[in-house]
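Since the structure comes first, as structure tokens, the remarks are kept for the end.
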Amino acid sequence: MSVPAIGKALIFTMTFLAVPALAADDPALSKDLMAVIALQGLPCSQVVSVKQQGANDYVASCKDGNRYHVFVNSVGRVVAQKQ
């Protein structure tokens, strides 16, 4: 699977399968966010908490202390930015 295909798959997952009320307790969402972070070459051993800020907009906290803002940008790409 190419990187663009992985990005599209993650966008699909984040858009249609993430339930806002369950965002912090959803292990599938945590795994997806960890995959996004890892694919962008950022360190994260495990996502331990997730806070949803809006549609396709999350703050993921990692076990190693790193925090990332994960969102879909204006051109439709999933981006992870260190906080």
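The values are calculated or read from the model by the stated rules, or taken from the named source; none is laboratory data. Small disclaimer: the values here were computed from a predicted structure and weren't measured. In this analysis, Cβ positions are derived from the backbone assuming ideal geometry, glycine residues included, and neighbour counts consider all displayed protein chains.
Quick check, is V75 farther than 14 Å from L29 by Cα and aliphatic (A, V, I, L, M)?
Yes, satisfied.
From the list P4, P43, which residue is at pLDDT below 95 and out of contact with any Gly (no Cβ under 6 Å at 6 or more places or on another chain)?
Only one candidate passes the filter, namely P4.
What residue, among those in segment 49-78 that are loosely packed, with under 14 Cβ neighbours inside 10 Å and among the aliphatic types (A, V, I, L, M), is modelled with the highest pLDDT?
V75
Of all residues in segment 66-83, which are among the hydroxyl-bearing types (S, T, Y) and touching a residue at least 24 places away in the same chain (Cβ under 8 Å)?
Hit for segment 66-83 is Y68, nothing else.
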